[in-house]
Amino acid sequence: MTTNVSSSPAAAAAPPAPAAASAASRMRDLHPGWFAAVMGTGIVAVASDDNPGGLAALQPAAHTVGVALAVLAYALGAVLLVAYAVRWVRHAAACRADLRHPVLGALHATLPAGLLVLSVMTSAVGPRFLPASVTVPLAGTLLALGAAIGLVLGVAFAYTLFTGEVAAASVNGGWFIPPVVTIIIPVALAALVPHVGPGDARLLLALGYATFGMGFVLFLLTMGLLFARLVLHPLPPAALAPTVWIALGPVGVGALAALALARAMPAAVPGAAGAVATPSLLFASALWGFGVWWLAVAVALLVRYLRAGGFAFHLGWWAFTFPLGALTVATLGIARAWQAPALDAVGAVLYVGLVVVWAVVGTRTVRGVLSGRIWQR
């Protein structure tokens, strides 16, 4: 989710490289933010399956769209997981250099975040087209892999920031990605609670609250840094405009995590279920309110960037999808928890915007792949 580095005039005038060399260079320079496409597609699948608006007549179509997008998300995830693994094996030095970059470094976390989104998607949409014997093990495997990689990369990226010299102007919304990884973990854990025994359910719930606290505190710290950067310094370059939207990710997923953990409580600690439900709903609603405010800010800044000349397409545009999708799914969850049709209608409006954004970004990505421009940094 960052800008592409333009090629120099000399490089532009150079003769095209052989196909083999081109393929090797593409793998070496593979953008670490590619997995944002999996995150965006996966959350649209979940949002679609939720049947925004709650119209009974549209429910079959909503489930069908959700399944189709889930299959697409799995395919993207499988291809990109292999590509990321090959890059780390063959070009470890390039990967480590990216990890030390103040913008690119955080984007490595799109990989575990994407795996965790696939885990949540498997629990939500998977039962509609996958055997029961596959759904839970697949969701659990994706959760374990995503959580392990996410925690390692999150600490590694923070370590590079703590031990390096980072200018205040380098602070950007991409830094929200490592925190959002740990906030997705409890959503995925909560979905598995009904499938385990009471003892394991308590363990999953305890880990869920622990990772929620880990991610939410990191979100607050990062929000403070970004807010100060936006107030005290000139706005980021236009190409970084999409990163402002990433703050919606921790907000939306944070609200979902609070609701999901509360719903899972009866299976783990039945006596505490009633005491947890109401505070969780209140917290989720309050956090959602901040998300609505930040969405207004993000839209206003985007309009400002567009009026000032806009910015060319790059992989960072995927930053518009998952964060908006997370807020959309959170809106639907809160609407149904409050039994408020008006909020469900708001969720439906957000969903329409989400689908339009996903379609635009997806189409531009395909065109970029076909033209080769997407491989330029």
Return the pairs, sorted by first residue and then second, in which the second residue is in a helix (DSSP H, G or I), the first residue lies in segment 81-101 and is among the acidic types (Asp, Glu), the beta carbons are less than 9 Å apart, and the residues are 6+ apart or on different chains. Asp98/Leu104; Asp98/Gly105; Asp98/Leu107
I want to confirm something. Restricting to segment 332-374 and keeping residues that are hydroxyl-bearing (Ser, Thr, Tyr) and buried (at least 17 other Cβ atoms within 10 Å of the Cβ), which single residue is farthest from Val44 (Cα to Cα)? Thr365
Condition first: touching a residue at least 60 places away in the same chain (Cβ under 8 Å) and either in contact with a Gly (Cβ under 7 Å, 6 or more places away or on another chain) or over 18 Å from Ala255 (Cβ atoms) (or both). Now tell me which residues in segment 332-351 satisfy that. Leu332, Pro341, Asp344, Ala345, Ala348
Within segment 126-152, track down each residue that is farther than 14 Å from Leu116 by Cα and hydrophobic (A, V, I, L, M, F, W, C). Phe129, Leu130, Ala132, Val134, Val152
Counted residues, segment 85-128 - those being modelled with pLDDT of 95 or more and among the aromatic types (Phe, Trp, Tyr): 0
Residues Ala148, Ala124, Ala144: which one is assigned to a helix (DSSP H, G or I) and more than 19 Å from Met214 (Cα to Cα)? Ala124
Can you find even one residue in segment 289-302 that is part of a helix (DSSP H, G or I), surrounded by fewer than 23 Cβ atoms within 10 Å (Cβ to Cβ) and at pLDDT below 95? no
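The values are calculated or read from the model by the stated rules, or taken from the named source; none is laboratory data. What you see is a predicted model; the values in this text were computed from it and never measured. In this analysis, Cβ positions are derived from the backbone assuming ideal geometry, glycine residues included, and neighbour counts consider all displayed protein chains.
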